[in-house]
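Derivation of every value follows stated rules applied to the coordinates shown; laboratory data play no part. Owing to the predicted nature of the structure, the values given are computational and were not obtained by experimental measurement. Positions of Cβ are backbone-derived with ideal geometry, glycine not excepted, and every protein chain shown enters the neighbour counts.
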Amino acid sequence: MDQFIEQIVTGLSIGSILLLVALGLSIIYGSMGIINLAHGEFVMLGAYAAWVFHTYLGLGLLASLVPIFLVVAAFGWVIERYVLSLLNNRPLDTILATWGVGIMLQQAVRLSVGSELRYVQLPPALSDSMDVFGISVSSYRVFLFVVSIALFGATWLLMNRTPVGMKLRAIIQDRSVAASFGINAKRVYALTFAYGAGLAGLAGALVSPLKSVSPDMGTGYVVDAFMVVVLGGVQSLAGTVASAFILGELSGGIAFLQNDTVAKAIVLLAIVVLIRFRPEGLFTARVRA
Amino acid sequence: MPSHVPNSSGLQRLIAQLAPLLIVCAIVFALPVLLNNDFLLNKVARYLVLGILTVSLGLSWGFGGILNLGQAMSFGLGSYAMAMALKLKTVPVHTGASGLPDFMVWNNVQHLPWFWEPFRSLTFAIAAGLIVPALVAAALGWFMFRGRVTGVYVSIITLATMVVINLVIIDQQSYTGGFNGITDLAQLEIFGVAFDAYGRATYYLVACCVLLSLLVAFAFTKSKAGLIVQAIRDHESRVRYFGYDVALYQIFVFALSAAIAGLAGMLYTVVMEFASPTFLGVQLSLSVVVWCAVGGRQSLVGAFLGAVLVAGMQGALSESAAFLETWTLVMGALFVLVVLFLPKGLAGLAQVVWRWIVQRRQAASGRVAQGVGQTEGST
């Protein structure tokens, strides 16, 4: 029984990291239809920003979260403005362009900071462990769980309860009609992309104490995050949350029963089958085409 | 120079379209005369093989509109087919009973697995190197295109499938050599000719395959099926309304492209003298997309040259780590610029420049009207 609960908690922990990373991707993909292959690099930038703030400015991880969000969001804004907005009606080409951007970011970091592994310290206040359902869990993992849920809530509010969110939803429904009502689609898109990038940066900063920071750390994340978004369904934030935790529990569980490789392969195959039969994701109601 | 000839007939146009292809192949065949260095020749052969792989992607992506991010899967399967046959031809050194490959002995495998058995025959291996990738692609294509999966989702499925196969190969160490791949191979020998990786024979073998695959791909794009495939790329549902079985054509071009990639994979094993899971890795697979985009996805010769030039450049710079890193950065930037401003790649640029020159010449000789009338629309 203890082992079972431990598995559940491990799954929740994996799931909350997945949610953190996937949330930004989900916003960008769901609202702009852009498959952002540079997403992993935004995560990496966030992790490096955490390291830079800590090493050169002496800021703790928690204190630097807001600046990290802003820095990575600024990167996102520039990339949307000067690369992606030129590719309006070529969705396949955005995959290529964002991938190229990702390579550039990765190389730029490798050339400037070097490719050796960097480490970010756990915030001292969260470095102990606490009891959850009779199991000792690191406080930081609990913190991550809470933050991921909070960020999801903030994003939901932003999308559904603010003027910017309403404009974005109007553009998603019909860009030209929205534009004729005076909504500046370009500006909203740029802001959306920047927000998604900022979220990725936060995710990178938050996972940086758990994993080592390296220029190519993003590659694994982008694949996982993508699977979450596909499983959850485009344009469904709640679906993203559900699928993040489902995938977390699933990969935790299979890895426990088999091994990591088998877990990865099975999850990938499941996704392939899912795309074939339910490309709109598990949690989206079928809407008028 | 088609536009110089008034009323150019179909045959003349065909020759004009074939000209770049034949010129490039002529250069490929002439290269050993100029390059008197076996080591360099082996390197060039390697780039040529990658060129074939890129042509195969150009066929499915540029002409079929199917962006296969797992093109290296077919390449890797071909490569392993050849490596398995060549491994079984080695003189047993470490091997146990019935000439088991060395890595199987290390992994305590007692008997040769059933799926290795037929690879004792080289003919079978070569056939398998073409047919297995084609069949796998056909099955995957059937799975996707019968369900009308399009666009981005095709890319995700192909990429994910390749990663799964890659994981399985690495995981099943005792049957596949795992992470190390299959190394220490015998030389390929066909009709008494031994293909040493650093010999001229291998180079010419590769060159012949370049010519062959370019011609096959060219013939396909000019065939009726090829035209329908291009029509599907441009407007899928319109072609469907005409009563064509869209999925069937997509499956066919997907499988043909996989077979050519399989051929490239087999050659790669001969040139590199090993097979490795990286041959069906994400890195290579995405690089092929870059080469294809830079060279020009809708031009077979362009895609081929894109691979040879970019991979060659990368190879030349890889002597120094700092150079290579900078080059990768430049490569990323170049790639983004090509995607943004040159959707048809360098081949498209060459076409524009060529037309401009022809028009200038005609303008100079006072034959403007004829020239402009014959240039095809290219937007």
So for chain B, taking the charge dipole from beta-carbon charges (+1 Lys/Arg, -1 Asp/Glu), which of B:VAL33, B:PRO20, B:LEU135 sits furthest toward the positive end?
-> B:PRO20
Mind ranking B:133-142, A:132-141, A:262-271 by how tightly packed they are, going by the mean number of other C-beta atoms within 10 angstrom, highest first?
-> B:133-142, A:262-271, A:132-141
Relative contact order, percent, region A:187-289 [alpha-carbon distance under 8 Å, six or more residues apart] = 28 percent
With no solvent and one point per C-alpha, what does the Debye sum give as log10 I(q)/I(0) for region A:1-110 at q = 0.15 Å⁻¹?
-> -0.76
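With runs of 4+ DSSP H residues as the only contributors, calculate the mean residue ellipticity of chain A at 222 nm using -39,500 (n - 2.57) per run, divided by the residue total and rounded to the nearest 500.
Details: 11 runs with 207 residues, N = 289.
It comes out at -24500 deg cm²/dmol, rounded to the nearest 500.
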Zero-based 5 Å bins, Cα pair distances in region B:116-157, whole percents = 6, 21, 20, 15, 11, 10, 10, 7, 1
Asserting the computed 222 nm helical MRE of chain B (DSSP H runs at least 4 long, -39500 (n - 2.57) per run, divided by residue count, to nearest 500) equals -23500 deg cm²/dmol
Region B:131-247, Kirkwood Rh and Cα Rg, ratio Rg/Rh at 1.09
In degrees, nearest 10, range 0 to 90: what is the angle between the Cα axis of helix B:282-295 and the longest Cα principal axis of chain B?
-> 20 degrees
Expected integer from the mean partner chain Cβ neighbour count at 10 Å over A:90-97 is 6
Run the dipole for chain A about the Cα centre, Lys and Arg Cβ at +1, Asp and Glu Cβ at -1, nothing else charged, and hand back the magnitude in debye, nearest 20.
-> 1100 debye
Which far-off residues, 5 or more places away or on another chain, put their amide H under 5 Å from the one on A:MET130, with H placed in the peptide plane?
-> A:VAL137, A:SER138, A:SER139
For region A:244-254, 3J(HN,Hα) per residue [Karplus equation, 6.51 cos²θ - 1.76 cosθ + 1.60, θ = phi - 60°, Hz, x = Gly/Pro] = 4, 6, 4, 5, x, 5, 5, 6, x, x, 5
P(r) for the protein assembly as shown: what percent of alpha-carbon pairs falls in each 10 Å bin, starting at zero?
-> 3, 14, 23, 25, 19, 11, 4, 1, 0, 0
Toward the positive end of the charge dipole of the protein assembly as shown, about the Cα centre and with charges on Cβ (Lys, Arg +1; Asp, Glu -1), which of B:VAL271, A:PRO123, A:GLY153 goes farthest?
-> A:GLY153
Within straight cross-link reach of A:LYS264, meaning Cα distance under 24 Å, which lysines are found once same-chain residues fewer than 8 apart are removed?
-> A:LYS211
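Whole-Å semi-axes of chain A's equivalent ellipsoid, largest first, each the root of 5 times a Cα gyration tensor eigenvalue?
Output for chain A: semi-axes of 29, 24, 18 Å.
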Over the whole of A:268-276, what's the average partner chain Cβ count within 10 Å per residue? Rounded to a whole number, please.
-> 5
All aspartates and glutamates inside 19 Å of B:LYS89 as judged from Cα atoms, apart from same-chain residues fewer than 8 positions distant = B:ASP102, B:GLU117, B:ASP184, B:GLU189, B:ASP196, B:GLU273
Degrees separating the helix B:38-58 axis from the principal Cα axis of chain B, which is the longest one = 60 degrees
Listed residues B:GLY281, B:GLY243, B:GLY226, most fluctuating in chain B (Gaussian network, C-alpha, under 10 Å) = B:GLY243
May I ask for the distance between the Cα centers of region A:42-66 and region B:2-81, given as a whole number of Å?
-> 48 Å
Counting other chain Cβ atoms within 10 Å of each Cβ in A:103-113 and taking the mean gives 4
A convex hull over the alpha carbons of region B:23-343 yields, per residue, a volume in Å³ of 144 Å³
For region A:148-252, what is the Kirkwood hydrodynamic radius in Å, using each pair of distinct C-alpha atoms?
-> 15.5 Å
Report the charge-dipole magnitude of the protein assembly as shown in Debye, nearest 20, computed about the Cα centre from +1 at each Lys and Arg Cβ and -1 at each Asp and Glu Cβ.
-> 2540 debye
Hey, if you put +1 on the Cβ of every Lys and Arg and -1 on every Asp and Glu Cβ in region A:1-120, which of A:ASN36, A:VAL83, A:LEU59 ends up farthest toward the positive end of that dipole?
-> A:VAL83
Alpha-carbon centroids, region B:247-271 and region B:101-132: separation in whole Å | 21 Å
Protection proxy (average C-beta count within 10 Å per residue), highest first, orders B:309-317, B:332-340, B:257-265 as B:257-265, B:332-340, B:309-317
Helix B:345-364: inclination vs chain B longest Cα principal axis, degrees, rounded to 10, gives 30 degrees
Setting aside same-chain residues fewer than 8 positions from B:LYS224, which lysines have a Cα under 25 Å from its Cα?
-> B:LYS344
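Report the charge-dipole magnitude of region B:23-343 in Debye, nearest 20, computed about the Cα centre from +1 at each Lys and Arg Cβ and -1 at each Asp and Glu Cβ.
The dipole magnitude comes to about 900 debye.
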Rounded to the nearest Å, the spacing of the alpha-carbon centers of region B:206-235 and region A:143-186 is 46 Å
